[in-house]
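Written out below as structure tokens is the structure these notes cover.
The values are calculated or read from the model by the stated rules, or taken from the named source; none is laboratory data. Small disclaimer: the values here were computed from a predicted structure and weren't measured. Methodologically, a virtual Cβ is constructed for each residue, glycine included, from the backbone with ideal geometry; neighbour enumeration extends over all protein chains shown.
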Amino acid sequence: MNKKTKLILLSFLLLLIFGAVIYFYVSKNKQQDAVKNTQNQSAPLDTDTDKDNSSDVEKVDHNLTLSIIKPEGERFDSGQARMYEALAEGNGKYSNNVKCHWEFFLNQNNEETLYQTMDTKSILSGESKKICGFTSTFIESRGVLRVRVIVTVYNATNPNLETVSAERMYTVI
């Protein structure tokens, strides 16, 4: 090939690359403008009520349930290290951050008293998640133990999007 043919092919290749870059740049800007227009036209989500809106926003059913799954069994020895854990099933309201407040009530001689509290944090992910877990030996007295966990779903702007709780009874021997 002579120099003139090489120069023509190189010029054609550069024009082709330049055209492709411009095409992708314009295409990207059109997509961003379409997304911005869609966001500006849609109504904000109503997180406080479940009223029907005439907008195209899809409603998500929030069906978060909670149960205490650990310790397993119905009895354990006082002072024994036990893992406490809850199971969240379903989905929470618009967040995956949760605060867990554990309360331990001990009934000795027919009088129930608040024995201990514990606060932890967890993350919800998916439809079913083990959350709020910790291990402790602080139950050192015998009696009937009522364990309650209160889970609060939160985000950066709202400290209480949704709250669910669960209880379970144990015998400490």
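Some observations on this one:
- Residue check, GLY73 at pLDDT 90 or above, within 14 Å of MET169 (Cα to Cα) and assigned to a loop (DSSP other than H, G, I, E, B): yes
- Number of the exception - ILE123 against (1) among the β-branched types (Val, Ile, Thr); (2) over 20 Å from ASP77 (Cβ atoms); (3) surrounded by 17 or more Cβ atoms within 10 Å (Cβ to Cβ): (3)
- Cβ-Cβ under 7 Å pairs, at least 6 apart or on other chains, region 149-163 side on the phi < 0 side of the Ramachandran plot, far side of a type in the set (Lys, Arg) and at pLDDT below 90: VAL153/LYS93; LEU161/LYS93; GLU162/LYS93
- Subset of region 141-168 (residues that are over 13 Å from GLU103 (Cβ atoms) and assigned to a strand (DSSP E or B)): GLY143, VAL144, THR152, VAL153, TYR154, GLU162, THR163, VAL164
- Residue ID - surrounded by the fewest Cβ atoms within 10 Å (Cβ to Cβ), chosen from residues in region 61-70 that are assigned to a strand (DSSP E or B) and within 16 Å of the chain's Cα centre (by Cα): THR65
- PHE138 being surrounded by fewer than 18 Cβ atoms within 10 Å (Cβ to Cβ) and either among the charged types (D, E, K, R) or in a strand (DSSP E or B) (or both): no
- Candidate set: region 127-173, residues that are of a type in the set (Gly, Ala, Ser) and over 14 Å from the mean Cα position of the chain (by Cα); chosen: the one farthest from LEU66 (Cα to Cα): SER141
- One residue from CYS132, CYS100 being on the phi > 0 side of the Ramachandran plot and surrounded by 14 or more Cβ atoms within 10 Å (Cβ to Cβ): CYS132
- Scope region 78-126; condition in contact (Cβ under 8 Å) with a residue 60 or more places away in the chain and part of a strand (DSSP E or B); matching residues: TYR84, ALA86, ALA88, LEU106
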